[in-house]
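Inspection log for the structure reproduced underneath, given as structure tokens.
The values are calculated or read from the model by the stated rules, or taken from the named source; none is laboratory data. Only a predicted model underlies this, so the values are computations on that prediction, with no experimental measurement involved. When we count neighbours, we look across all protein chains shown, and the Cβ atoms used for this are built from the backbone with ideal geometry, even at glycine.
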Amino acid sequence: MVAVQRGTSDSQRVIVITGHLDSRAGDVMNATIDAPGANDDASGVAAVIEAARVLSRHRFRATLVYAALSGEEQGLYGGRILAAYARAQGWQVQANLNNDIVGNSRGGNGVHDNATVRVFSEGTRTTETQQQANRRRYNGGEVDSPSRNIARLMAALAERHLDNLRVKMVYRTDRYGRGGDQVAFLEAGFPAVRITEANEDYTRQHQDVRVENGIRYGDTIDGVDFDYLAQVTRLNVVAMAAMARAPAPPSGVTIEGAVSPHTTLRWKAVPGAAAYRVWWRDTTAAQWTHSRDVPATPGEAQAAMLRNITIDDWFFGVSAVSADGHESPVVFPGDAGAF
């Protein structure tokens, strides 16, 4: 089930929110047993529907796509169908926000946490070539894929706009040995992240509904914390609106500064950008820490020199900013960070 909200001025740039409709019990091939799937993944589908209800009342530069996918438990079929359709339609998918297991605030470990949500993001790009990998290993970029810079943006937006919700960035494509529909988008070359609750309860995932040794198993609705789910949905809405109102991320970002005390970044002009923001951070820092605003100049070629900031000691990036202050995700130079 897919709904498309066309952008006003940049309609080929697309932000996709997904959750999956299908659910399962212990045996993924059992099509007759009760498999309510309240948290995995009716919670994610509820987030998609609520995001559509809220955001459809507004207009945005970019196109928003709301998708409730089927066949995730059987092999990411819905995600692969939608990603293939996006490529066939020539969509420039800036981000896929995949919501999968986002409604439970009490983990099987006994921890109750209604103030944290995990955002998983790949490090190196799934579609990276060997030549690109060689450059990345030498110059950096293994923690600056476009997916990871979307996660950074979401963490910053949560800190700025939401009460009682913190994004815990996890530097992995997904949980260990597991997957979700965002993987299908990554395989198609699109940036994507997985949004998941902080503490999972495995007695409620992929389990036959039953009581055993005094423990209730099964993914039933009493395991959903609706206030927490609403908070996670707010994060999605804020992130989608911020990216859709901002200009596109810059393209053609390059960097130079070898044997020089100064660092220069160059990029192509972005339609709708009134200015750009050049960012840098320590190579071991999780989040961007320093920035400098640069006015847009006439012509396609844009550039900024950071005097007395050496290229060797920092990671750099650039974002596009609209006249009303909306900022794109940061783009790391070269193939490793390109959207």
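Before moving on, here are some points about what is shown:
- Put simply, of Ala241, Ala246 the only residue that is in contact with an Asp or Glu (Cβ under 7 Å, 6 or more places away or on another chain), aliphatic (A, V, I, L, M), touching a residue at least 12 places away in the same chain (Cβ under 8 Å) and surrounded by 18 or more Cβ atoms within 10 Å (Cβ to Cβ) is Ala246.
- The combined condition, being assigned by TED's automatic domain parsing to the domain that holds Val14 and aromatic (Phe, Trp, Tyr), is not fulfilled by Phe316.
- Considering each residue of segment 302-310 in turn, none proves to be within 30 Å of Asn99 (Cα to Cα) and touching a residue at least 12 places away in the same chain (Cβ under 8 Å).
- Test: residue in segment 219-237 that is more than 21 Å from the chain's Cα centre (by Cα) and part of a strand (DSSP E or B): no
- Every residue from segment 181-206 that is closer than 13 Å to Ser147 by Cβ and not aliphatic (A, V, I, L, M): Gln182, Phe185, Glu187, Gly189, Phe190, Pro191, Arg194
- The set of residues in segment 123-152 being surrounded by 23 or more Cβ atoms within 10 Å (Cβ to Cβ) and either of a type in the set (A, V, I, L, M) or touching a strand residue (DSSP E or B) at 6+ places or on another chain (Cβ under 6 Å) (or both) consists of Ser147, Arg148, Ile150, Ala151.
- Residue match in segment 260-269 (condition: touching an Asp or Glu at 6+ places or on another chain (Cβ under 6 Å), more than 20 Å from Asn139 (Cβ to Cβ) and assigned by TED's automatic domain parsing to the domain that holds Gly44): no
- Of all the listed residues (Asn139, Asn96), the sole one being of a type outside the set (Val, Ile, Thr) and within 18 Å of Val45 (Cα to Cα) is Asn96.
- Filtering segment 5-41 to residues that are farther than 24 Å from Val102 by Cα, assigned to a strand (DSSP E or B) and small (Gly, Ala, Ser) leaves only Ser11.
- Residue match in segment 147-165 (condition: among the polar types (S, T, N, Q), over 14 Å from Leu97 (Cα atoms) and touching a helix residue (DSSP H, G or I) at 6+ places or on another chain (Cβ under 9 Å)): yes
- Scan segment 153-203 for residues that are among the β-branched types (Val, Ile, Thr) and under 27 Å from Arg87 (Cα atoms) and the total you get is 5.
- Test for Thr173: is it part of a loop (DSSP other than H, G, I, E, B), among the β-branched types (Val, Ile, Thr) and surrounded by 18 or more Cβ atoms within 10 Å (Cβ to Cβ): yes
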